[in-house]
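Structure, as structure tokens:
FYI, it's all coordinate maths here, none of it is from the lab. Bear in mind that the values here come from a model prediction, so they are computed numbers and not experimental data. Heads up, the Cβs are rebuilt from the backbone with ideal geometry, glycines too, and the neighbour counts pull from every protein chain shown.
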Amino acid sequence: MSEKKSVCESSVFEELYSEHSKSLYNFAFYKSGNSAQSEDLVQEAFIKMWNNCAKVIFEKAKSFLFTVTNNLFLNQVAHKKVVLNYNLIGGKESTNESPEFLMEEKEFMDLLQNAIGDLKEGQREVFLLNRIDKKTYKEIAEMLSISVKAVEKRMHLALKQLREKVGNI
Amino acid sequence: MKNEHTDDTFLSRWLNNDLTSEELVSFKKTTEYKEYQKIIDATQNFKAPNFNEKEVFEKIHQKTNDKKVKKLIPNWMFAAAASIALLLSTVYYLTGTNETYSTSFGEQLALVLPDGSEVLLNSKSSVTYKKSDWFNGNRTLELNGEGYFKVKKGSTFSVLSENGKVRVLGTQFNVKTNPSYFEVLCYEGKVQVENKEELAILTKGLSFRKIENKSSEKGTFINEKPNWLDGETSFNNAPLKYVLEELEKQYNIKINSSNIDLNILYTGAFTNINLNLALQTICAPLSIQFTVDSNKVVLSKK
């Protein structure tokens with residue numbers, strides 16, 4: 001085993017931050033749909049880790065961060081019904097498609113967006129962590145402290161429910 | 001065929017390319033497949049909002065900065081400091097040094113004892129106590145001179161003096177003890193006074209006094225607190241000798257009183273601020289003349 005890294009070292013702390021802050025932020029965002037709240041959650045989680053740095057071993061830092069963020073989120077009880085606004089990327093500048101087709105596309109995207117917003121929190125975070133952040137099921141399982149099997153089930157249900165809502169277009 | 005993808009992780013396995021080729025082929029034939037594929041394709045176009053990684057880190061950095069400064073002191077330093085402190089306190093505890101506070105001429109001193117009780121010391125007085133005793137709940141101190149005590153409720157509180165012992169549980173009282181003069185006034189609660197010969201219990205408004213070898217006297221008074229706290233020294237039927245002694249203490253003067261009768265009883269109070277005024281208040285009623293020369297005072301009969 002390599003030398004033990006102490007979370008109390010600021011270099012180690014910074015390393016953990018650059019490695020995990022982004023996915024922690026996305027994770028919080030998929031839960032809350034609120035970017036300002038998500039930034040606060042990330043901030044609080046890292047401060048909490050720093051304050052408890054003696055108790056957090058390096059190998060467990062990641063799951064500590066995700067657990068803390070999750071708990072902090074649950075503590076902020078008054079979260080609204082989540083309506084997510086996902087930024088569209090890769091929007092084509094010019095296209096040969098007909099206006100009619102583009103309209104339909106736009107409609108479909110809106111519908112899908114709403115459907116994702118309507119997913120259960122647990123399903124939504126799994127689905128988006130996998131689809132957008134390209135996290136493997138195993139990684140997600142670690143983050144959420146649940147089994148890989150549970151992640152797969154949530155994934156399956158999420159996709160199934162999305163199709164039921166937007167499928168027949 | 002159609003129901004093949006209904007087990008509860010089928011779609012997950014599909015996304016993960018974990019389906020067997022047969023499963024995949026049959027799945028692709030279904031109508032749902034296209035819809036799923038469309039959703040998955042569309043999802044590629046989503047992303048989470050930008051995360052201000054640097055900004056948030058700055059905030060974290062600010063909030064944790066104070067703590068970081070402290071952390072620069074290595075942990076072993078704390079351990080070392082703690083063990084030294086422990087060692088010192090053990091030594092201290094075992095040997096138990098005496099704490100002494102004293103006042104000089106004309107001074108007063110307010111003290112808070114380890115248990116929170118208060119002592120106000122009049123001039124030319126001192127208290128001594130052992131800190132270690134107090135931490136063991138043994139509230140004992142030695143008094144020389146005059147002190148006013150406001151005692152916190154708790155275990156027995158004892159004031160030792162060469163003239164006797166005063167014991168209380170929680171109260172306010174004044175003790176004045178000189179080699180030949182011993183006076184206790186109880187301002188609140190109950191006080192037990194004990195000397196070689198007798199034992200007396202004082203309640204509010206009662207006083208106990210013993211002068212030299214005369215038998216002790218009990219008296220009453222109505223003040224809420226000792227006069228000396230307000231810058232006056234008062235006496236009730238006290239021999240002039242002690243009044244003059246007290247005056248010497250307050251003003252750091254030497255009084256020559258060889259020509260007058262020191263056993264006259266004096267009742268009254270003198271100020272601790274103005275010597276001339278004080279001398280007048282003592283001497284006028286007793287028909288005594290006084291002359292002041294720097295710090296020497298000579299008294300004579302009129």
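Counting neighbouring beta carbons within 10 Å and listing from fewest to most, the residues A:Arg154, A:Arg124 come out as A:Arg124, A:Arg154. Backbone amide hydrogens, once placed in the peptide plane, bring B:Thr140 within less than 5 Å of B:Ser158, excluding anything fewer than 5 places away on its chain. Among the listed pairs B:Lys196/B:Lys218; A:Lys120/B:Lys38; A:Lys160/B:Lys54; A:Lys60/A:Lys149, those with a Cα-Cα distance over 27 Å are A:Lys160/B:Lys54. Apply 1/(1 + (r/R0)^6) to the Cβ-Cβ distance of A:Ser10 and A:Thr136, taking R0 = 22 Å, and write down the FRET efficiency to the nearest 0.05. Given R0 = 22 Å and the Cβ-Cβ separation, E is 0.15. Backbone phi angles across the range B:110-123, fed through the Karplus curve with coefficients 6.51, -1.76 and 1.60 (θ = phi - 60°), yield HN-Hα couplings of 9, 10, 10, 7, x, 8, x, 5, 10, 10, 10, 9, 7, 5 Hz in residue order; Gly and Pro are listed as x. Tell me which of B:Leu229, B:Leu160, B:Ser123 sits at the most positive position along the dipole axis of the protein assembly as shown, charges placed on C-beta atoms (Lys, Arg +1; Asp, Glu -1). Checking the options against the dipole of the protein assembly as shown, the answer is B:Leu160. Panel order for B:Ile264, B:Ile84, by other beta carbons found within 10 Å of each beta carbon, from fewest to most: B:Ile84, B:Ile264. For the residues of B:49-55, the average number of beta carbons from a partner chain within 10 Å of their own beta carbon is 6. With θ taken as phi - 60° and the Karplus curve 6.51 cos²θ - 1.76 cosθ + 1.60 applied, the whole-hertz 3J(HN,Hα) list for the range B:21-31 is 4, 5, 4, 5, 4, 6, 5, 5, 7, 6, 6 Hz, x standing for glycine and proline. Remark: relative contact order (the range A:10-75) = 36 percent; criterion is Cα-Cα distance under 8 angstrom and separation of 6 or more residues. Charging the Cβ of each Asp and Glu at -1 and of each Lys and Arg at +1, and nothing else, the dipole of chain B about its Cα centre rounds to 480 debye. Measuring nothing but how far apart in sequence close Cα pairs (under 8 Å, 6+ apart) lie, relative to its length, chain B scores a relative contact order of 8 percent. Charge tally for A:Leu41 (other residues, Cβ to Cβ under 15 Å; Lys, Arg +1; Asp, Glu -1): -2.
Around the Cα centre of the protein assembly as shown, unit charges on the Cβ atoms of Lys, Arg, Asp and Glu (plus for the first two, minus for the last two) sum to a dipole of about 980 debye. Among the residues of A:155-161, the average count of other protein chain beta-carbon atoms within 10 Å of the residue beta-carbon is 6. Quick check: net charge around B:Asn138, other residues with Cβ under 15 Å of its Cβ, Lys/Arg +1 and Asp/Glu -1? Combined, the nearby Lys, Arg, Asp and Glu give +2. Evaluating 6.51 cos²θ - 1.76 cosθ + 1.60 at θ = phi - 60° for every residue in the range B:277-286, the Karplus couplings come out as 4, 4, 4, 4, 5, 7, 7, 3, x, 9 Hz, glycine and proline recorded as x. Sorting A:Asp40, B:Asp293 from the fewest to the most surrounding beta carbons within 10 angstrom yields B:Asp293, A:Asp40.
Charge dipole of the range A:10-75 (Cα centre as origin; +1 on each Lys and Arg Cβ, -1 on each Asp and Glu Cβ, all else neutral): 220 debye, rounded to the nearest 20.
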